[in-house]
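The structure appears below as structure tokens.
The values are calculated or read from the model by the stated rules, or taken from the named source; none is laboratory data. Computed from a predicted structure; not experimentally measured. A quick note on method: Cβ atoms are made from the backbone with ideal geometry, for glycine too, and the neighbour counts reach across all protein chains shown. Side chains included, ligands, DNA and RNA excluded: accessible areas come from the protein's heavy atoms. Shrake-Rupley method; radii C 1.70, N 1.55, O 1.52, S 1.80 Å.
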Protein chains: 2
Amino acid sequence: MPRFFIPAPASDFISVTGSDAHHIGYSLRMKPGEELTFCHGGTDYCCVIENISESEVLCRVVDAVPSKSEPSVELTLYQAYPKQDKLELIIQKTTELGVTRIVPFISSRCIARPDEKSYRKKQERMQKIAEEAAKQSGRGIIPEIAPLMTMKQALEDMKKSELKLFCYENGGEKLSSIPFGGVKSVAVMIGSEGGFERAEAEAAENSGATQIWLGERILRCETCPIAVTAIIMNITGNM
Amino acid sequence: MPRFFIPAPASDFISVTGSDAHHIGYSLRMKPGEELTFCHGGTDYCCVIENISESEVLCRVVDAVPSKSEPSVELTLYQAYPKQDKLELIIQKTTELGVTRIVPFISSRCIARPDEKSYRKKQERMQKIAEEAAKQSGRGIIPEIAPLMTMKQALEDMKKSELKLFCYENGGEKLSSIPFGGVKSVAVMIGSEGGFERAEAEAAENSGATQIWLGERILRCETCPIAVTAIIMNITGNM
């Protein structure tokens with residue numbers, strides 16, 4: 001069934017305009033009486049189309065249920081800004097796998113360092129990629145692409161999560177030895193191409209993050225977040 | 001330390017010619033007395049350069065040790081042929097994560113269906129990608145890219161592995177419920193864009209494969225093998 005993300009519905013009727021309305025009426029050629037799903041904040045609103053006009057699709061909510069595709073754990077990925085379009089691949093893949101929020105940040109060894117204006121443009125594009133991936137994979141939310149942070153800000157932001165993990169190429173615990181039982185929110189911090197400086201690893205430790213080591217094979221910086229998201233979703237029973 | 005893959009060494013001296021010799025002598029500007037590592041079949045040969053000429057680098061083997069980056073489990077990925085260059089991404093990422101062999105095959109819903117000649121060209125290119133990824137990630141072997149198989153051939157080939165898994169979008173067991181204990185070889189079969197036909201799932205089951213279900217979120221066909229490889233490496237203690 002087609003899925004669309006909407007703002008919080010105010011009543012039992014949902015009015016869709018713009019590109020989604022066009023998509024429903026023209027691309028999908030849907031008709032009154034047919035069913036579709038609107039998603040907001042982890043709730044799936046099962047709807048029936050009441051009326052389709054040139055510019056609006058009006059739907060009636062038949063049922064509202066928690067999205068069964070949303071994982072039981074909120075995973076925030078703090079990703080040091082990588083080169084080229086690697087962040088787009090990371091966003092697409094981790095969205096499919098169940099990430100809740102992605103926070104790009106600048107660490108010492110980042111080579112790409114977008115300024116505020118150029119980041120805002122990228123952020124818009126990346127948010128679009130997250131939305132597309134969320135629709136395609138049947139997510140109940142669109143993961144948020146946060147504003148670009150400094151490492152210090154990212155470490156401060158991480159404190160919101162119950163469990164804080166810091167992927168470090170120089171060693172640490174195995175993911176399988178971390179007690180995830182009952183944890184509702186996990187933060188994972190991952191480096192860019194050059195990894196992290198020792199001082200950064202210490203700062204992360206001082207912020208309460210546990211160092212994680214992914215083994216002997218050196219993963220590219222875009223492979224690491226995809227692998228870690230998959231593993232955490234598996235360990236927490238969400239995959 | 002620089003790593004190079006070589007044929008099985010016949011003696012305590014290893015002679016390198018061609019592009020690797022050029023890379024050692026010119027790109028890396030290495031000198032006699034310096035150390036490098038040659039890899040073959042999961043063994044790391046720690047060597048000292050004895051002599052460098054125009055066309056040859058002669059090295060003496062100082063030590064031969066099992067590569068510590070090789071996982072304890074042999075993972076063969078049977079991947080239904082996807083569209084575009086997705087197979088290249090799959091090969092790169094699963095090589096980093098520890099796959100042993102990749103067997104592309106044609107299933108009912110494959111859209112891309114290369115003929116033998118065009119596959120042979122692609123196979124060469126994909127083998128090169130596996131080699132690059134193996135070098136970059138510090139693997140002890142280069143994963144083999146097998147000839148293109150039919151689904152029937154792939155199912156027959158899978159029988160070589162102790163544990164056979166079939167990823168099915170219509171349901172099955174969770175990866176975390178599979179007993180991997182003591183298993184030395186695992187085969188995983190994954191679909192292309194359209195997934196598998198019911199008859200194909202039945203054929204896989206009849207061949208002794210266990211159906212695996214990766215949960216409610218629909219993964220793109222290139223995301224699935226990356227996620228599954230990461231999860232299996234984690235479960236088997238190799239990540």
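Could you list, in sequence order, all residues of segment A:162-171 that are at pLDDT 95 or above and surrounded by fewer than 23 Cβ atoms within 10 Å (Cβ to Cβ)?
Keep residues of segment A:162-171 that are at pLDDT 95 or above, which gives A:162-168.
Passing the criteria: A:E162, A:L163, A:K164.
Please go through segment A:31-70 and give me each residue that is buried (at least 18 other Cβ atoms within 10 Å of the Cβ) and out of contact with any Asp or Glu (no Cβ under 9 Å at 6 or more places or on another chain), ordered by number.
Answer for segment A:31-70, where residues must be buried (at least 18 other Cβ atoms within 10 Å of the Cβ) and out of contact with any Asp or Glu (no Cβ under 9 Å at 6 or more places or on another chain): A:L36, A:C39, A:H40, A:I52.
From the residues in segment A:136-151 that are open to solvent by 50 Å² or more (accessible area, probe 1.4 Å) and of a type outside the set (S, T, Y), which one is farthest from the other protein chains (Cβ to nearest Cβ)? So that I can check it myself, show each step before the final result.
Step one: list which residues in segment A:136-151 are open to solvent by 50 Å² or more (accessible area, probe 1.4 Å), which gives A:136, A:142, A:144, A:147, A:150.
Now narrow it down to the ones that are of a type outside the set (S, T, Y): A:136, A:142, A:144, A:147.
Working: A:Q136: 7, A:I142: 13, A:E144: 17, A:P147: 26 Å.
Only one residue tops the list, namely A:P147.
I'm trying to understand the selection: among the residues of segment B:195-239, which are of a type in the set (V, I, T), part of a loop (DSSP other than H, G, I, E, B) and at the interface with chain A (Cβ under 7 Å from one of its Cβ atoms)?
Restricting attention to segment B:195-239, the residues satisfying the condition of being of a type in the set (V, I, T) are B:210, B:212, B:218, B:223, B:226, B:228-229, B:231-232, B:235-236.
Still in the list and also part of a loop (DSSP other than H, G, I, E, B): B:218, B:236.
Within segment B:195-239, just B:I218 meets the criteria.
Restricted to segment A:88-115, and to residues that are part of a helix (DSSP H, G or I) and free of Cβ contacts under 8 Å to residues at least 60 places away in the same chain, which residue is farthest from A:S185 (Cα to Cα)? Spell out how you get there, then give the answer.
Looking only at segment A:88-115, we keep the residues that are part of a helix (DSSP H, G or I), and these are A:88-97.
The next check asks that each one be free of Cβ contacts under 8 Å to residues at least 60 places away in the same chain; those that pass are A:88, A:91-92, A:95-96.
Numbers: A:E88: 23, A:I91: 19, A:Q92: 21, A:T95: 16, A:E96: 18 Å.
Per the stated criteria, the residue is A:E88.
Can you give me the number of residues within segment A:203-223 that are touching a residue at least 24 places away in the same chain (Cβ under 8 Å), surrounded by 20 or more Cβ atoms within 10 Å (Cβ to Cβ) and farther than 22 Å from A:K159 by Cβ?
Result for segment A:203-223: 3.
Just to check your reading of the model, which residue among A:E156, A:E116 is exposed (fewer than 14 other Cβ atoms within 10 Å of the Cβ) and at pLDDT below 95? First the steps, then the outcome.
Values: A:E156 fails: at pLDDT below 95.
The conditions single out A:E116.
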